[in-house]
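The values are calculated or read from the model by the stated rules, or taken from the named source; none is laboratory data. Treat the numbers as computed from the prediction; the structure is a model and nothing was measured. Ideal geometry is used to build each Cβ from the backbone, glycine not excepted, and the neighbour counts take in all protein chains shown.
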Amino acid sequence: MSSILTWSTYVIVFGALGVLALRDRTKARQAVKVAVKSFFGILPIMLAFIGLIGLLLGIVPPEVISRYLGQGAGWWATLTAFVLGAVLYIASLVSIPLAASLLRAGASVTTIAAFLTGLMMVNTVTLPLEIKYLGKKMALSRNLLSLLFAFAIAIVIGMVLQ
């Protein structure tokens, strides 16, 4: 299924680029330059995180991951993963493969869902910037609501997919 999605994405992207090239070659070249620059800008970070994930999963046995993040770890593991997700600032490009690796190594669906929803919805790292531009009340309200909804979503995902 994922290879169909990947190839479909490629077809759509290159098809759109082809249409753009037929309409305006200059814009198409500019789009390719921006894409290549973005790719090479992200590449070192991606390789570092993938290498780190590989080392972590190579050093830490799946039994340990399962014991601390799996079904038997209980709510403490889920809450810890949620707090880590809310506090850390990791790009989704990196966090999704990390989550998949931990899931394959024995972490529970609820724990991984808590980590990802905390990571994607709660932004404690960018909170000062949000306060500056949105105001203290708005930024804190948004983060508090995101915190509550993210945890609720993680629990529901865990209940549905376990």
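For region 135-148, give me each residue that is assigned to a helix (DSSP H, G or I), exposed (fewer than 14 other Cβ atoms within 10 Å of the Cβ) and either at positive phi or not hydroxyl-bearing (Ser, Thr, Tyr) (or both). Full working, then the answer.
From region 135-148, those assigned to a helix (DSSP H, G or I) are 136-148; that's our starting set.
Filter again for exposed (fewer than 14 other Cβ atoms within 10 Å of the Cβ), leaving 136-138, 141, 144-145, 148.
Hits for region 135-148 are Lys136, Lys137, Met138, Leu144, Leu145, Leu148.
Within region 1-49, count every residue that is farther than 24 Å from Ala99 by Cβ and assigned to a helix (DSSP H, G or I).
27
Go through region 83-103 residue by residue and tally those that are closer than 16 Å to Ile65 by Cα and in contact (Cβ under 8 Å) with a residue 12 or more places away in the chain. Spell out how you get there, then give the answer.
First, pick out the residues of region 83-103 that are closer than 16 Å to Ile65 by Cα: 84, 97-103.
If we keep only those that are in contact (Cβ under 8 Å) with a residue 12 or more places away in the chain as well, we get 84, 97-99, 101-102.
Residues meeting the conditions: 6.
Do any helices (runs of 4 or more DSSP H) lying entirely in region 50-130 carry at least 3 residues that are modelled with pLDDT of 80 or more and surrounded by fewer than 20 Cβ atoms within 10 Å (Cβ to Cβ), and which ones are they? Can you show your working first?
Details: elements: 62-69, 74-87, 92-104, 109-121.
Because the criterion is at least 3 residues that are modelled with pLDDT of 80 or more and surrounded by fewer than 20 Cβ atoms within 10 Å (Cβ to Cβ), the helices (runs of 4 or more DSSP H) in region 50-130 that meet it are 74-87, 92-104.
For Gly15, work out the one condition from (1) outside the structural domain of Met121 (by TED's automatic domain parsing); (2) of a type in the set (Gly, Ala, Ser); (3) in contact (Cβ under 8 Å) with a residue 24 or more places away in the chain it doesn't fulfil.
(3) is the only condition that Gly15 fails.
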